[in-house]
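Reading through the structure tokens given below for one structure.
The values are calculated or read from the model by the stated rules, or taken from the named source; none is laboratory data. Keep in mind that this is a model prediction, so the values were computed, not measured. Every residue, glycine as well, gets a Cβ built from its backbone with ideal geometry; the counts of neighbours run over all protein chains shown. With ligands, DNA and RNA removed, areas are computed over all heavy atoms of the protein, side chains included. Shrake-Rupley method; radii C 1.70, N 1.55, O 1.52, S 1.80 Å.
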Amino acid sequence: MYISKNIESLRYSVIREMSQVAAQYENVISLGIGEPDFHTPAPIIEKAFEDARKGHTHYTHAKGDPQLIEKLSVRLSKDLGKIVPPECIIITHGAMNGLANAFRTLMDPGDEIIVIEPHFPDYLAHITLAHAVPKYVPSGFDKGFLPDPADIEAAITTETKIILINSPNNPTGTVVPKRLLEEISDIAKAHDLCVVSDEVYDRISFEGRAASIYSCPGMENHALVINSFSKTYAMTGWRVGFAYGPQPVIDQMVKVGNYAMACACSVSQRAAIAALDTPDEVIKEMSDTFEQRVELVCSRLEAMPGVRVRRPKGSFYVFADISSITNQSRQFALDLIKEEKVVVVPGYPFGLSCEGCIRIACTINSEQLCEAMDRLERFLAVRRH
Ligand SMILES: Cc1ncc(COP(=O)(O)O)c(C=O)c1O
């Protein structure tokens, strides 16, 4: 039977593959998947049950539950300092679906999208599914994983439709400063491009709230923000996210959303309404915990010969440069599982320039993180001798 070459060309997720390899061992510590270890706060779960019993178990509008959209509109307008009307918001099946929808809506086959390395590996799949072409702009350890605007501008061709950014970043934890966001927004406006801004980690940010490119002047006409409830409220399994941007884009995304998923899960959307009432302190507490863990891991890694780290300013990942030890990050990760039962993600899925790196997700408690660092240290010591 024929299978689409486009689909066959997709790689299975390396992050999930590493977890599968580890499943054959006992006493494994996973620093692999980017899944907060906190449980969804109880009031959110209660609201979902309560509203399900009241009958919120039907299809919602493809654009989303009107009450959720209304509440998001108020919240976003307050946070961003500019009005985000309900017409400019769509509810998605997690940020993943928001990205897939955005790429299909904004590009035709053969169109180009500028992707900054290191990048969330799943972008490549969603770009391929949209039959579009990624143009990579490496940032690199020595530049603090921040892209050079001149490199972005140089990558633009007549086929370019999107500049994709992700701040706070997965896998580096880099937060793009406001000044750089302004430079990127100037490029987008000058070339009439859309900036798709993946901000799923915006509340896991260690130096105050990460700035959004949407706040830059005029970007309400040039930015499409992808966000979700997954990381902020420990709601990964509920699968509810949102996107906001120019109304003509959102209007078209409603069609894609309608045909791809009918609507986001109705009960999860009710849970999301309650999530928006979560006190800031609860979110801050989770973010502070991630910060402490990231600090712990960075301090331990900095003391390991041959390992370089840049202290993340957000998210819960540490992207360590191990290139002076090996450039075979896949083999490194497989050996680490086999010898020390620790799962990390090899660098290569995050971009060609990331081969000599590994990603560590700090989504387990400090005790386990310390144990994982002990094991990694031992693994490296054996390799040095
Ligand atoms: C950068 C980035 N964007 C999007 C997603 C997808 O998030 P969601 O669970 O909302 O689909 C993830 C998940 O790990 C991510 O790291």
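Per-residue SASA remark: D192, around 120 Å² accessible (1.4 Å probe; ligands, DNA and RNA not included). Of L224, L276, L68, the residue with the greatest mean-square motion in the GNM of the chain, using alpha carbon springs below 10 Å, is L276.
Would you compute the Debye intensity of the range 279-385 from its alpha-carbon atoms alone, equal scatterers and no solvent, and pass along log10 I(q)/I(0) at q = 0.14 Å⁻¹ to two decimals? The computed values of log10 I(q)/I(0) come out as -0.53.
For the chain, a Gaussian network of Cα nodes joined below 10 Å ranks Y233, Y12, Y348 by mean-square fluctuation, and the top entry is Y12. With no solvent and one equal point scatterer per Cα, compute the Debye intensity ratio I(q)/I(0) for the range 193-264 at 0.25 Å⁻¹ and report its log10, rounded to two decimals. For the range 193-264, the Cα-only Debye profile gives -1.17. Within the range 56-275, DSSP assigns beta bridges of which about 30% are antiparallel (rounded to the nearest 5). Taking all protein chains into account, the per residue accessible area for the range 23-150 stands at 47 Å² (1.4 Å probe).
Electrostatic tally near R308: other residues with Cβ closer than 10 Å to its Cβ, Lys and Arg +1, Asp and Glu -1, net -2.
If you fit an axis through the alpha-carbon atoms of helix 366-384 and take the longest principal axis of the Cα set of the chain, what angle between them do you get, 0 to 90°, nearest 10? The two axes meet at around 50 degrees. Rounded to the nearest 10 degrees, the inclination of helix 266-275 to the longest alpha-carbon principal axis of the chain is 80 degrees.
Quick check: from the Cα gyration tensor, does the range 119-175 come out rounded (a/c under 1.5), prolate or oblate? In terms of gyration-tensor shape, oblate.
Pairs of Lys residues in the range 56-275, spaced 8 or more positions apart or belonging to different chains, with C-alpha separations under 17 angstrom: 8 in total.
Starting from the Cα gyration tensor of the range 343-385, take the square roots of the eigenvalues, sort them a ≥ b ≥ c, and report rounded, prolate or oblate (rounded when a/c is under 1.5, otherwise prolate if a/b is larger than b/c, else oblate). Since a/c reaches 1.5 but b/c is at least a/b, the shape of the range 343-385 is classed as oblate. Distance from the Cα centroid of the range 310-380 to that of the range 13-39 is 12 Å (rounded to whole angstrom). Take every pair of alpha-carbon atoms less than 8 Å apart whose residues are at least six positions apart; their mean separation over the length of the chain yields a relative contact order of 24 percent. The residues neighbouring T160, those whose beta-carbon lies less than 11 Å from its own, together hold a net charge of -3 under the Lys/Arg +1, Asp/Glu -1 convention. Summary value for the range 56-275: 29 percent relative contact order, contacts being C-alpha pairs under 8 angstrom separated by 6+ residues. Springs between alpha-carbon pairs under 10 angstrom, Gaussian network model over the chain: which of G81, G32, G245 fluctuates most? So, out of G81, G32, G245, the one fluctuating most is G81.
Dividing the radius of gyration of the alpha carbons in the range 56-275 by their Kirkwood radius gives 0.94 for Rg/Rh. Which percent of Cα pairs goes in each bin when the distances of the range 250-338 are cut into 5 angstrom slices starting at zero? Final binned percentages: 3, 11, 12, 12, 12, 9, 10, 12, 13, 6, 1.
Among bridges DSSP assigns within the chain, what percent are antiparallel (round to 5)? Among the beta bridges of the chain, antiparallel pairing accounts for roughly 45 percent. The ellipsoid that matches the Cα gyration tensor of the range 1-56 has semi-axes, each √(5λ) in whole angstrom, of 34, 24, 10, with the longest given first. DSSP assigns beta bridges within the range 160-309; of those with both partners inside it, close to 30 percent run antiparallel. Our Cα-only numbers for the range 283-332 put the radius of gyration and Dmax at 12.6, 38 Å. Only Lys, Arg, Asp and Glu carry charge here, each on its Cβ (+1 for the first two, -1 for the last two); on that basis the range 228-385 has a dipole of about 480 debye about its Cα centre.
The spacing between the range 145-184 and the range 216-284, judged by their C-alpha centroids, is 22 Å. Contact order, relative form, for the range 52-139: 23 percent (alpha carbon pairs under 8 Å, 6 or more residues apart, mean separation divided by residue count).
Counting charges near N258 (Lys, Arg +1; Asp, Glu -1) among other residues having Cβ under 12 Å from its Cβ returns a value of +1. Structural size metrics of the chain, computed from C-alpha coordinates, are Rg and Dmax of 20.6, 65 Å.
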